[in-house]
There are 2 protein chains.
Amino acid sequence: MLTNATWQKIPLQPIYDIAWAAVDGKVYTLWKDVLDSWLPRAKWITLHASEEKKSLSTLRYLWKKLYQQQIARDQPIAAIGGGTILDTVGFAAATYKRGIPWHAVPTTLLAQVDAAWGGKTGINFRQTKNLLGAFHMPEQVWVFQDFLQTLPDRQRKSGFAEMLKHALLDSPQSWDQIQALSPTTIPSLATLQQAALFKIHVCEQDPHEKDRRSLLNLGHTLGHAWEMLSHKTSMPVTHGEAVAMGIATELYLSVEKGYLRAGTFEQILQALHRWGYLLPLPPFTYKQLAKLLWQDKKVFAHQLRIVALYDIGQPAGLIPITWHEVQKAVRWYRTSPWCA
Amino acid sequence: MLTNATWQKIPLQPIYDIAWAAVDGKVYTLWKDVLDSWLPRAKWITLHASEEKKSLSTLRYLWKKLYQQQIARDQPIAAIGGGTILDTVGFAAATYKRGIPWHAVPTTLLAQVDAAWGGKTGINFRQTKNLLGAFHMPEQVWVFQDFLQTLPDRQRKSGFAEMLKHALLDSPQSWDQIQALSPTTIPSLATLQQAALFKIHVCEQDPHEKDRRSLLNLGHTLGHAWEMLSHKTSMPVTHGEAVAMGIATELYLSVEKGYLRAGTFEQILQALHRWGYLLPLPPFTYKQLAKLLWQDKKVFAHQLRIVALYDIGQPAGLIPITWHEVQKAVRWYRTSPWCA
């Protein structure tokens, strides 16, 4: 096992050895009594959760707070919130005194099934998602399903996109199961665990993403670009929405390049459309898009790369794509009847 | 082996796969022709080597440059300089795209026998040495003894302090050998390698400093404090000078606490005095000193810690010390006939 995991209902047994906790301000407002009695000795730091705040200035603020509290190298800290909070606080833990232990407490669906697992931490820099970061496994992940009750529908839908990504990579059975679900209802504990366990198993096989773990990037080469571009507009999409649009545009290339059958692709598009994921692409120039894509961490040997599928449950790994193919996928998406 | 090491004389075989190199500006001026022909494809970034520049602003500058050069996750970069350069550039490599490969090219004696080995990277923050950092092993360490020819005497003396520390930890034979040397002459290749290999072996046994590696901190609990305090004055001491003063004050406590015989301590002090290491302590208030010491990475379970010796070549590991003992060591140092 990569990390200790606890799946639990509230109320919680108090934990006395956590002296410092960084928490999403909204979550703290909603769950203050529960959290205060769970971590009775913690000094609380509230953060604003957003892609914009997943920044060097937030990281610097966290470092300063850790310093001021004189947190020692053996003192665990806690991060409580969605993916942006866990990534930023986890990166602070990874780099403070060359790494202190941390507990991850995911409060969004996305973080419970994805971001809290596998030890990737980081911040955005120069408009590039997760350009700076480190691998630093949490000592413990606490999943409290109750938090999902106060999560807005759109955030549930965002997390559901990573669940459907896991199902596409996992097996036809998982894909069939997920098709029976709605992206905005709270999944059962079993469904949550199944989605998280898929990621946990992949990360166990390849913790530092030398090989198999890169499969989890399905939809994320183009999806990260859609996400960052939309954040320059007045209508930012969520991470999950961007990933779903990334899955659509990337799987189009899986078909074009002869990996995936067109019929299977249509079936996937139909589901994405039904769930309301196929939003218009944000406005961009090809120059802007190229600049973002060339900073992708999956670029190596001077090639852009995406995850391709042979079939549902049969990923083909990272394949190189050309800039010409990216443009073709954009043109297809913009004129496809499935896409808004 | 933790890392690939090459010990070589100039001229060097060109290396074509390094596209980006950060170098101490002084070294680049002195060795430009050699370096340009060694890394013919490198984009050069020059840095100013100092404790003050081992900072977040330098790190941010390096991240920006890596971004602008679109360095991919599989592209190795090079760091060429002394400990401050290797630490800062190594930390940039550790955190850019969650870790890219890097080559360490130590150009000072201190870096050749110590800082380049073992994968510790980091920067100073809030007046605390190496408060932020990561473990990130270089893919390759290149030791070119020739660089020592252009190194100022005081910098050679700084590196020699880490050599004598390694000898004290290693064996009476090593200590006898080092006593025959002068701190400002260029050591033979065999002496250099012996000093480096001691550290390499310790780090191999314990790469993330869970246990044995902490021995290498002999002189560094108090030494870091002397170093940081002196940097607030017009007469900063070098890292090596501060470590030697740290060894003196810490070994005093080894004697006080019954680990080390007084006669052995006298013999060590005599050598440190003869080599000119026992400089006056910088001015400070006990409040300032306490604040620095409590940020030390060896603080755990709320205890300050130093490395103690039973005898030369027989380290006793990390032992807890009280604040009262720190004050006693300061008073002893200030009134000792050995100390300036």
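The values are calculated or read from the model by the stated rules, or taken from the named source; none is laboratory data. Owing to the predicted nature of the structure, the values given are computational and were not obtained by experimental measurement. Methodologically, a virtual Cβ is constructed for each residue, glycine included, from the backbone with ideal geometry; neighbour enumeration extends over all protein chains shown. SASA here: full protein model, heavy atoms, side chains in, ligands and nucleic acids out. Shrake-Rupley method; radii C 1.70, N 1.55, O 1.52, S 1.80 Å.
Some points to look at:
- Short-range pairs are left out: with C-alpha atoms under 8 Å and at least six residues apart, the relative contact order of the range A:229-340 is 31 percent.
- Placing pseudo-labels 7 Å out from each Cα toward the beta carbon at residue B:188 and residue A:328 gives an inter-label distance of 6.7 nm.
- Antiparallel content of DSSP bridges confined to the protein assembly as shown, in %, to 5: 40 percent
- Label 7 Å beyond Cα on the Cβ vector: residue B:257 copy-to-copy distances, nm: 6.0
- Label point 7 Å beyond Cα along the C-beta direction, distances from residue B:338 to other copies (nm, shortest first): 7.7
- Its relative contact order, with pairs defined as Cα atoms under 8 Å and 6+ residues apart, puts the range A:1-85 at 41 percent.
- Inter-part distance where the range B:158-211 and the range A:1-28 are each reduced to a Cα centre, Å: 45 Å
- Count Lys and Arg as plus one, Asp and Glu as minus one, and take only other residues whose Cβ is under 13 Å from that of residue A:313; the net charge is then -2.
- With the cut-off at under 18 Å, measuring from each backbone N in the range A:226-265 to a point 7 Å along the Cα-to-Cβ line of residue A:291 picks out A:226-234.
- When the other protein chains are added to the chain by itself, burial of at least 40 square angstrom of heavy-atom accessible area (probe 1.4 Å, ligands and nucleic acids ignored) affects these residues of the range A:282-301: A:291, A:295, A:297.
- Taking every protein chain into account, the accessible area of the range B:166-287 amounts to 40 square angstrom per residue (probe 1.4 Å).
- Average other protein chain Cβ within 10 Å of Cβ, residues B:53-62: 1
- Shape class of the range A:15-66 from the Cα gyration tensor (axes a ≥ b ≥ c, square roots of the eigenvalues): oblate, since a/c reaches 1.5 or more and a/b does not exceed b/c.
- Qualifying aspartates and glutamates (Cα of each under 18 Å from Cα of residue B:287; at least 8 residues distant if same chain): B:227, B:296, B:325
- Counting only aspartates and glutamates at least 8 places from residue A:9 when in the same chain, those with an alpha carbon closer than 14 Å to its own are A:146.
- The mean number of Cβ atoms from other chains found within 10 Å of a Cβ in peptide A:88-97 is 4, as a whole number.
- Between the Cα long axis of helix B:323-335 and the first principal axis of chain B there is an angle of about 90°, rounded to the nearest 10.
- Plainly put, the tip 7 Å out from Cα toward Cβ on residue B:234 is 6.0 nm from that tip on each other copy, the closest given first.
- The residues A:32, A:26, B:157, sorted by heavy-atom accessible surface at 1.4 Å with ligands and nucleic acids left out, run A:26, A:32, B:157 from largest to smallest.
- Ordered from highest to lowest accessible area with the whole protein assembly present and a 1.4 Å probe, B:182, B:174 read as B:182, B:174.
- Prolate/oblate/rounded label for chain A (Cα gyration tensor, a/c 1.5): prolate
- Computed packing ranks the peptides B:273-283, B:201-211 as B:273-283, B:201-211, most packed first, by mean other Cβ atoms within 10 Å.
- Over chain B, relative contact order from alpha-carbon pairs under 8 Å, at least 6 apart, %: 14 percent
- On Cα atoms only, tilt of A:153-170 relative to the major axis of chain A in degrees: 60 degrees
- Probe 1.4 Å, accessible area per residue of the range A:98-164, Å²: 23 Å²
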